[in-house]
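Heads up: the structure comes next, in structure tokens.
The values are calculated or read from the model by the stated rules, or taken from the named source; none is laboratory data. It should be emphasised that the depicted structure is a prediction, and the values quoted were computed from it without experimental measurement. Don't worry about glycine lacking a Cβ; one is built from the backbone with ideal geometry, like all the others, and counts go over all protein chains shown.
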Amino acid sequence: MVNASSEWLDQMRRIGDPRVDALIAEHIATRGPESLDHLLRELFHSQRMPEADSLVRSYLTELPQTELVERDVVARGQHLFSLYGPEVLMILGSYSLPLAYAAGHGVQVVYRSRRLKEDPIRRLCDTAQMVVNVMQPGELEEGGVGWLATRKVRLIHALVRRRVQLDVDAPWRAEWGLPINQEDQAGTLLTFSIATLRGLRRMGARMTLAEADAYIKAWSAVGRLLGVDPSLLPSSEEEATLLAMQIGERQVRPTPEGRQLTAQLLGSVQTLFPVSGYATSLTHFFLQDTVFGKDVAAALDLPKANWTRWLVTVRAAQKRTFLGWLDWVPGARRRRSWVARQFAQRMILHKRPDADTPFEVPPTLRRCWGLQADR
């Protein structure tokens, strides 16, 4: 059962990842803070962990072992991603990340991480890769691609947490809590879990309560691997909804940083849609119904939607009607919208400045979703 009292959440804002944070502090004492920048660059620009680095070796040795529980339930949650992957990726860019930017205190660390601020499409692609990795059935087991991804992200979080605190050019304020603290990490996981479920339903996806609960538990399993306190990891859609409402009430507020990051994100996401203005209209569509509160769109100062708002609404209505008629037909749940499939396809084909593709989708999922590796 999630413990989400306001007093407890206040305490969680003062806690990061104690065991890993201690390793970082010890490393800085011997090698200096400038070593963090070098390691962060390596982690950001490589899919693998630089195990030759002494800090990485210490981290991998000291990292607590986390046993994956309720494997069958987690696998069922991951199966939901297999069904609706392109829609989930579209929700990620049009809903999940904007929600994160509406958290007035939590967004400060994103803004101050220069690489994340200056390259929003890279941020989207890297986050998409994380989602694809951890939501593949079986890959949260030790040695799996999702398990490896959480180990890397957990280290990045600790490095960024310390680096932001050391930045004399943009001093960190105590009122924001610890950078990437426990409450902010829990809130971010909720943008991937409960917000995704709400977004899928608004798009017309149909799922049972058991499937929704399994999806929540799959993301809570990810949270355990990332070092999030078990008291902040919901085990059902109901618990996730209540926690999101509480965190939203505490954290959603307008900030210049959140509005700037949102504007940059929308501009980048729009390049992945074939119709001008569709990205903004889709974000408006999702933010009309969010468990994080009613003022999210206003906090982000979203620009007005153009005529494509009607296109988004009509497509969602068509999808709901279509699935209502054909839900009994085998395979009908996989019949996704053309827009979602094209969005995912363009992400696969998007090129980074280093000429590498932004993320990889396993062949089994590409076939399931009707995507191509190149064309």
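Which one is surrounded by the fewest Cβ atoms within 10 Å (Cβ to Cβ) among residues in region 231-282 that are within 21 Å of A195 (Cα to Cα), among the charged types (D, E, K, R) and touching a residue at least 24 places away in the same chain (Cβ under 8 Å)? Out of the qualifying residues, it is E249. I'd like to check something: does region 320-340 contain any residue that is surrounded by 14 or more Cβ atoms within 10 Å (Cβ to Cβ), under 21 Å from L97 (Cα atoms) and at pLDDT 90 or above? No.
Among the residues that make up region 134-144, is at least one of them within 22 Å of Y215 (Cβ to Cβ) and either in contact with a Cys (Cβ under 8 Å, 6 or more places away or on another chain) or of a type in the set (V, I, T) (or both)? Checked region 134-144: at least one residue is within 22 Å of Y215 (Cβ to Cβ) and either in contact with a Cys (Cβ under 8 Å, 6 or more places away or on another chain) or of a type in the set (V, I, T) (or both).
Here region 50-62 is the region considered, the condition is being modelled with pLDDT of 90 or more and among the aliphatic types (A, V, I, L, M), and the residue that is surrounded by the fewest Cβ atoms within 10 Å (Cβ to Cβ) is L60.
Exactly one residue out of E67, E51, E42 is part of a helix (DSSP H, G or I) and over 30 Å from R206 (Cβ atoms): that is E42.
Only residues that are touching a residue at least 24 places away in the same chain (Cβ under 8 Å) and either among the charged types (D, E, K, R) or within 24 Å of P179 (Cα to Cα) (or both) were counted in region 72-93, giving 4.
Report whether or not E62 is acidic (D, E) and closer than 30 Å to L209 by Cα.
Numbers: acidic (D, E): yes; closer than 30 Å to L209 by Cα: no.
So E62 does not fit the description; no.
Can you tell which of G93, G138 is at pLDDT below 95, in a loop (DSSP other than H, G, I, E, B) and either out of contact with any Asp or Glu (no Cβ under 9 Å at 6 or more places or on another chain) or crowded, with 23+ Cβ neighbours inside 10 Å (or both)?
None of the others qualify; the one that does is G138.
Quick one: is V73 in a helix (DSSP H, G or I) and in contact with a Phe, Trp or Tyr (Cβ under 8 Å, 6 or more places away or on another chain)? No. The set of residues from region 241-287 being of a type in the set (G, A, S) and under 21 Å from V110 (Cβ atoms) comprises A244, G248, G258, A263, G267, S268, A279.
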